[in-house]
Amino acid sequence: MGLPRVAYFCMEYGLNSRLPIYAGGLGVLAGDYLKAAKDLSLPMVGIGILWRHDYTEQFIGEDGWPYDIYPNYDYDFVKDTGITVNVQVEGKEVICKVRLVDQYHNVSLYLLDTNFPGSEHGWITNKLYGGGTHERIAQEIILGIGGIRLLRALNIDVDVYHFNEGHAVLAGVELIREKMAQGASFADAWQAVRAAIVFTTHTPVEAGNEKHAHNELQQMGAYNGLDYQQMVKLGGDPFNMTEAALRLCTVANAVSNLHGHTARSMWRHVVNTGPIISITNGVHVPTWQSADIRREFESGQDLRKAHMKAKMELVHFAYKQSKAVLNPEALIVGFARRTTAYKRSDLIFRNSEVVDPLLREGRMQLIFSGKAHPRDDEGKRIIRDLVMMNRKYKDAVVFLENYNMEIARLMVRGCDVWLNNPVRPLEASGTSGMKAAMNGVINLSIVDGWVGEGPQHGVSGWLLDVHHSAADPQQQNLHDLNTLYKVLFNEVIPTYYDNPERWHDMMRASIDMSHYKFSSARMIREYYELMYKRVMERHDTTTAAWMTAAPAHYEQQQFPN
């Protein structure tokens, strides 16, 4: 027997900035996963949705406040398979065209599309995470129920259904409906279906896990042949998508060791679930690591020339976008990720008098980028405050608008230090720091998510190991800020300017620590070993040989950006 055949369901995929069907880290992780599957020739397909508009393109107004636009993208390069599948939404037949993306060195990604000429239901796949509950349930019907019907229409045999987040839960409902149509009882169908499902949870805040009222689910058609009592057994009342996914799976996973502890504590009250293990996220090395850095690292050469090349590319981009004149010889600290309150993009400025001399003297330069959710006013306020700092310290603080994969690639390669200061333990994993680390960009990070498994303080990174837990969030912020300032002033800046050889050693140690341990190649091997094989309940010689093979090397591989 060969390896398990996997269908991977996700609401978003970040394969390439030319295909903007992703909002942030979840989508980029999914895109990296499909690329790793291709690298290793694994029997996997991805299932998703072709979003007609971007999640948002976000620019800065004259007042510093971010505003959103939604261009209508031309997806002529996405292949039409000629296949359609039908689902029911609000009692109406909805036709979904099946599109194919396979040109970004990824395994086949099939995307469901209701937004085509003549369709009455283009609103469903119009905008990722747009609209309200009505739109969201319709989208989840398309992804879950439509995704299973897509696999049947294409005659794709599947051993394991992998739900990346709870958005795909209705695929489990469709699988149960299929079994019941063949004569199985609900209980027997449920047990048979859960034997083929695994689930990845990413959200460590209970309020962030999606819930729906049953009357809305029933009205929209999400019951799909099941009744109220059966749906309550799966997801409770109200229907919790994460609880349902946990009850529908053989095994679930959190996305770092620390997140595993958090997730098991969060969901310990939910009965009849699969166990939650930990598989730490990873990133696709050929996509994110500079080929120059990789070559110099593997040949044992000095990394600084290759790093300066990447740094100059970032400096030139910053000038092109914002007219900021950065000094490539001076320290550049980067912070780029989704802008939301718990990530605290603006923490370093909470006592601006402390960092003011560094910025005015040009000894430290800060580059920020990120998007806030269109309805997240607090996230937009943080961006506005960063833009105000950009305007105050024009050639020392930069905010790069309209964050996307291209800006991320420039920043994780071209900064000197990668700053990460979330409120612990709210960062389930985080992957931007992994990308930076494998480019020799040294992490300055609170020990949360993946960081607890990687960098060593003063060796391959600097750790803000804040265990203080204040009842008052302002006290917690003050404690964390003082810890950040202490390490920044006493260790990071003196090492950069006064001990360049140690800095270079730390760059090399950072790459050595990260380039396989936090790669998507390692991650996907663990999914096969710890989850997919568990579903298959077999361990044949083919699997054993593949799992013990040496890590893939990427010296000559160059993939489309």
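The values are calculated or read from the model by the stated rules, or taken from the named source; none is laboratory data. Keep in mind that what you see is a predicted model, and the values were worked out from it rather than measured. When we count neighbours, we look across all protein chains shown, and the Cβ atoms used for this are built from the backbone with ideal geometry, even at glycine.
The condition of being at pLDDT 95 or above and outside the structural domain of H307 (by TED's automatic domain parsing) holds for only one of S445, S460, S520, that being S520.
For the stretch 55-62, does any single residue satisfy the condition of being polar (S, T, N, Q) and surrounded by 20 or more Cβ atoms within 10 Å (Cβ to Cβ)? Checked against the condition, which is being polar (S, T, N, Q) and surrounded by 20 or more Cβ atoms within 10 Å (Cβ to Cβ), the stretch 55-62 yields at least one hit. When the residues of the stretch 106-129 are filtered to those that are surrounded by fewer than 19 Cβ atoms within 10 Å (Cβ to Cβ) and in contact (Cβ under 8 Å) with a residue 40 or more places away in the chain, the one that is farthest from G91 (Cα to Cα) is S108. Quick one: which residue in M411, M434 is in the same structural domain as K323 (by TED's automatic domain parsing), in contact with a Gly (Cβ under 6 Å, 6 or more places away or on another chain), modelled with pLDDT of 95 or more and in a helix (DSSP H, G or I)? None of the others qualify; the one that does is M411. Within the stretch 183-209, the set of residues being in a helix (DSSP H, G or I), touching a residue at least 12 places away in the same chain (Cβ under 8 Å) and under 30 Å from D448 (Cα atoms) comprises just one member, E206.
Selection of helices (runs of 4 or more DSSP H) fully inside the stretch 277-342 by the criterion of at least 1 residues being without any contact (Cβ under 8 Å) to a residue 24 or more places away in the chain returns 291-298, 304-322. Taken over the stretch 52-81, the criterion of being free of Cβ contacts under 8 Å to residues at least 12 places away in the same chain and more than 24 Å from G14 (Cα to Cα) is satisfied by G61, E62. Here L464, L419 are screened, and the one residue that is in contact (Cβ under 8 Å) with a residue 60 or more places away in the chain and not hydroxyl-bearing (S, T, Y) is L419.
For the stretch 1-23, the set of residues classified as of a type in the set (G, A, S), part of a loop (DSSP other than H, G, I, E, B) and either buried (at least 22 other Cβ atoms within 10 Å of the Cβ) or free of Cβ contacts under 8 Å to residues at least 40 places away in the same chain (or both) consists of G14 only. For the stretch 351-394, how many residues meet the condition of being crowded, with 17+ Cβ neighbours inside 10 Å, over 20 Å from the mean Cα position of the chain (by Cα) and not in a helix (DSSP H, G or I)? Count: 5. Scanning the stretch 210-221 for residues that are at negative phi and in a loop (DSSP other than H, G, I, E, B), we see that the one that is surrounded by the most Cβ atoms within 10 Å (Cβ to Cβ) is E210.
Checking each residue in the stretch 40-79 for being in contact with a Phe, Trp or Tyr (Cβ under 9 Å, 6 or more places away or on another chain), assigned to a strand (DSSP E or B) and over 30 Å from K533 (Cβ atoms) picks out H53, E57, Q58, F59, I60, P66, Y67, D68, I69. Every condition in (1) modelled with pLDDT under 95; (2) in the same structural domain as S119 (by TED's automatic domain parsing); (3) touching an Asp or Glu at 6+ places or on another chain (Cβ under 6 Å) holds for Y55 except the one numbered (3). Here the condition is being at pLDDT 95 or above, crowded, with 21+ Cβ neighbours inside 10 Å and either acidic (D, E) or touching a Gly at 6+ places or on another chain (Cβ under 6 Å) (or both); of A310, A318, A330, A306, it holds for A310 alone.
Has the stretch 474-483 got any residue that is of a type in the set (D, E), assigned to a helix (DSSP H, G or I), surrounded by 18 or more Cβ atoms within 10 Å (Cβ to Cβ) and in the same structural domain as R344 (by TED's automatic domain parsing)? Checked the stretch 474-483: at least one residue is of a type in the set (D, E), assigned to a helix (DSSP H, G or I), surrounded by 18 or more Cβ atoms within 10 Å (Cβ to Cβ) and in the same structural domain as R344 (by TED's automatic domain parsing).
Of the residues that make up the stretch 488-504, is at least one assigned to a loop (DSSP other than H, G, I, E, B), modelled with pLDDT of 90 or more and surrounded by 12 or more Cβ atoms within 10 Å (Cβ to Cβ)? Taking every residue of the stretch 488-504 in turn, at least one turns out to be assigned to a loop (DSSP other than H, G, I, E, B), modelled with pLDDT of 90 or more and surrounded by 12 or more Cβ atoms within 10 Å (Cβ to Cβ).
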